[in-house]
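What follows is calculated from the coordinates using simple rules that are stated; it is not laboratory data. Predicted, not measured: the structure shown is a model, and the values here were computed from it. We place every Cβ from the backbone using ideal geometry, glycine too, and count neighbours over all the protein chains shown.
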Amino acid sequence: MQPDHTALLTRLLRERILVMDGAMGTMIQQCHLSEADFRGRFHDHTHDLKGDNDLLVLTRPEVVARIHDEYLAAGADIVETNTFSATCIAQADYGMQTQVHEMNVAAARIARECCDVWTAQTPEKPRFVAGAVGPTNRTASISPDVNDPGARNVDYDELVAAYGDAVAGLAEGGADLIVVETIFDTLNAKAALFAILSFFESVGQRLPVVVSGTITDASGRTLSGQTPEAFWNSVRHVRPLAVGLNCALGAALMRPYIEEIARVADTFVSCYPNAGLPNPMAETGYDETPAETARQLSDFARSGFVNIVGGCCGTTPAHIAAIAEAVRALPPRALPLAEAAELADRPAR
């Protein structure tokens, strides 16, 4: 497990806007990999595996490492592990539940090696590995059956167990921080956060945590019905290093919701939107060019909304390079003085 970099990250976030990487899935799609690429040593597996992007950390690790390197070369300070669906719940679709711990360890190690190489080259710009924890493909708050509102296909304890195994693997592989992202159901997120804090308690050490929600439509709410302010109030007890939004709407439509997070949060704010709205005719499947996405995030920075910026679906190293350049000289969002002084020292609750 990596040392606790909360103090270092806090200092850097006070000094400048940090840049996260962009979409892993978008880049993998551009590699045009075959079923054989995904299968690797699992050539006798009974399920089709093409599309199980997380599995590539075991079967084509060089592909994942190359993508990390492209984002680091573009200016990313933080790269996320290729583990968005690396839980036993999500991997059940592929029959790969038993490989989840190995996936998370391997993914973190691949990202760790890439970041260490870049940090050694430019020690004044340290790079960090964010262990990515996705929402799973099930929701604890919403029925999957319109005829039975009380039905659920997952419960809280199952989610806690699944997230706990993933986080243990990420920590073992060398993640510097944990990012709970693309949160559409806050109850799922609370299970993830409980699993994370339970793991930290069991090992006697804590890593920084970033919590990132998703506003699913123009109603300005998550899928489970919360406004940004309500979402923040539901997760603030874990004392995250940063809270913010990612995915879904693209930056232009996300603006009022990231503004609301910035207004109410007493911690740092992250924002990594999609490259606009889906467009099957575009090269990356999304509307916005690197310049357009960078312009939007530059506006967020000039408005004092953000401390961490990056890209989600449809973004590429070109987007991250443009974003990094656009915010390079802009000041980070300032915390209220009392919260800023307290942040590095306060424990999780």
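Once you have a ≥ b ≥ c as the square roots of the Cα gyration tensor eigenvalues for the stretch 226-284, tell me rounded if a/c is under 1.5, and otherwise prolate or oblate according to whether a/b is larger than b/c.
Prolate is the answer for the stretch 226-284, as a/c is 1.5 or above and a/b outweighs b/c.
Sticking with the crude label model, points 7 Å out along Cα→Cβ, report the distance from SER219 to GLN97 in nm, one decimal please.
If labels sit at SER219 and GLN97, their model points lie 3.2 nm apart.
Would you mind classifying the stretch 209-343 by shape? Square roots of the alpha carbon gyration tensor eigenvalues, ordered a ≥ b ≥ c; an a/c under 1.5 is rounded, otherwise it is prolate if a/b is larger than b/c and oblate if not.
Taking the square roots of the gyration eigenvalues as a ≥ b ≥ c, the stretch 209-343 is oblate.
How many percent of DSSP beta bridges within the chain run antiparallel, rounded to 5?
Once the DSSP bridges in the chain are tallied, antiparallel ones form about 5 percent.
Expressed as a whole number of Å, what is the distance separating the alpha-carbon centroids of the stretch 20-83 and the stretch 140-204?
What the calculation gives is 23 Å, centre to centre.
What is the calculated FRET efficiency for ARG152 to PHE194, with r their C-beta to C-beta distance and R₀ = 22 Å, to the nearest 0.05?
The calculated FRET efficiency here is 0.80.
Going by C-beta contacts inside 10 Å, put PHE184, PHE231 in order with the fewest on the left.
PHE184, PHE231
Checking understanding here: applying a Kyte-Doolittle mean of at least 1.6 and a length along the axis of at least 27 Å (C-alpha), which whole DSSP H helices in the chain pass?
None clear 27 Å together with a mean of 1.6.
How large is the helix-only mean residue ellipticity at 222 nm for the chain, computed as the sum of -39500 (n - 2.57) over DSSP H runs with n ≥ 4, divided by its residue count, in deg cm²/dmol to the nearest 500?
Value at 222 nm, helices only: -13500 deg cm²/dmol.
Taking the mean number of other Cβ atoms within 10 Å as a proxy for protection, how do you rank 260-269, 84-93, 200-209 from highest to lowest?
Ranked from most to least packed, the peptides come out as 84-93, 260-269, 200-209.
Would you mind classifying the stretch 207-246 by shape? Square roots of the alpha carbon gyration tensor eigenvalues, ordered a ≥ b ≥ c; an a/c under 1.5 is rounded, otherwise it is prolate if a/b is larger than b/c and oblate if not.
Prolate, since a/c reaches 1.5 and a/b exceeds b/c.
After finding the eigenvalues of the alpha carbon gyration tensor for the stretch 168-267, what semi-axes result from the square roots of 5 times each, listed largest first in whole Å?
Calculated on Cα positions only, the semi-axes equal 25, 13, 12 Å.
Check which residues have an amide H placed less than 5 Å from VAL269's amide H, if you skip close sequence neighbours.
For VAL269, whose amide H was placed from the backbone, the distant partners under 5 Å are VAL243, ASN307, ILE308.
If each of ARG16 and ARG263 carries a label point 7 Å out from its Cα toward its Cβ, how far apart are those two points in nm?
Between ARG16 and ARG263, the simple spin-label model gives 3.1 nm.
Do me a favour and compute the ellipsoid semi-axes for the stretch 6-343 from its Cα gyration tensor, root of five times each eigenvalue, largest one first, whole Å.
Rounded to whole Å, the semi-axes are 27, 24, 21.
Any idea what the dipole of the stretch 1-78 comes to, in debye rounded to 20, about its Cα centre with Lys/Arg Cβ at +1 and Asp/Glu Cβ at -1?
220 debye
Could you identify which residue out of THR83, THR122, THR284 has the top mean-square fluctuation in a GNM of the chain using Cα springs shorter than 10 Å?
In the Gaussian network model the winner is THR122.
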